[in-house]
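Below is one structure, written out as structure tokens, with a few remarks after it.
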Amino acid sequence: MELGLKDKVVLVTGGYRGLGEAICRLLGAEGARVAVNHRHSEQAATKLAEDIRRQHGSLALPVAGDVSSESDVSALFDQVEAQLGPIEALVNNAAYCPTEPTTELTLSEFHRALSVNLGGTFLCSREFARRRVHKERSGKIVNISSQAAFRGSQSGKTAYDASKAGIIGFTVSLARELAPHGINVNCVAPGLMYTEMLAPAVDADPERFNRRVPLGRLGKTEEIAAMVVFLCSFRADYMTGATVDVSGGLAMH
């Protein structure tokens, strides 16, 4: 299926590893111009950008910036636009996940999770919307939530889970607000994925995790990335305000 993403400029926050990396690689395979955001992983982001350019011939740019900082977000958008062109799709993927039990969780760690996950989604979406609406241009925003927003966790992730639930509400509200401007805002809620963050626990007892999923296995980042990339494309022009479950059956409704 042709997605029409060739030479489209897409910014992926937290794009240097895990799900973000898979999204960037698939966007590159579709011919998009990919901005790989990171906060303090210049080497990893640069290597990924080089891989995308070498494997697919697509432009790819590593770009530093803390999505919880207003000044960083503004500078990040300026840099991408100067080197790749106006951003036409935004993927809010950057996340921070403290894992202390709530009884041990500090207020600063709770605030940090909300600031990066929910605040970063807000700041980047606001900057994107300001620039697109001002120039009367359409666009796509894809937010990354989690099944934990609905199901919670048993591993000390209340701050993360709360922020991911907030992203779903933010998606619906922003989608209504931006619909008259031709900007689609959707959300993807992945289930269990094999990523760097989860790998140690999964490797210690893979069957415990596989049994939790009706399809009998964890998801691959590439499988979730495929839905994200679809939502960045013109094929999703009639979707907005939706939260798409890509969970192997954890969510059925």
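Those helices (runs of 4 or more DSSP H) of the range 10-91 in which at least 2 residues are more than 17 Å from the chain's Cα centre (by Cα), considering only elements entirely within it, cover 42-56, 70-83.
Residues of the range 94-118 being farther than 12 Å from Thr13 by Cβ, among the aliphatic types (A, V, I, L, M) and not in a helix (DSSP H, G or I), which ones? Break it down stepwise before answering.
Within the range 94-118, the subset farther than 12 Å from Thr13 by Cβ is 97-115, 118.
Cutting the leftovers down to among the aliphatic types (A, V, I, L, M) gives us 105, 107, 113-114, 118.
Answer for the range 94-118, where residues must be farther than 12 Å from Thr13 by Cβ, among the aliphatic types (A, V, I, L, M) and not in a helix (DSSP H, G or I): just Leu105.
Where helices (runs of 4 or more DSSP H) sit wholly within the range 119-220, those with at least 1 residues that are in contact with a Cys (Cβ under 9 Å, 6 or more places away or on another chain), touching a residue at least 40 places away in the same chain (Cβ under 8 Å) and not aliphatic (A, V, I, L, M) occupy 158-178. Screening the range 194-217 for residues that are modelled with pLDDT of 85 or more and among the acidic types (Asp, Glu) and picking the one that is nearest to Ala22 (Cα to Cα) gives Asp203. Among the candidates Ala82, Ala45, the residue that is small (Gly, Ala, Ser), over 23 Å from Arg126 (Cβ atoms) and free of Cβ contacts under 8 Å to residues at least 40 places away in the same chain is uniquely Ala45.
Conditions tested, residue by residue: (1) out of contact with any strand residue (DSSP E or B) (no Cβ under 9 Å at 6 or more places or on another chain); (2) surrounded by fewer than 15 Cβ atoms within 10 Å (Cβ to Cβ); (3) at positive phi.
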site	(1), (2), (3)
Gly57	yes, yes, yes
Ser71	yes, yes, no
Asp78	yes, yes, no
Glu81	no, no, no
Asn92	no, no, no
Tyr96	yes, no, no
Pro101	yes, yes, no
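The values are calculated or read from the model by the stated rules, or taken from the named source; none is laboratory data. Computed from a predicted structure; not experimentally measured. Note that each Cβ is placed from the backbone with ideal geometry, even for glycine, and that neighbours are counted across all protein chains shown.
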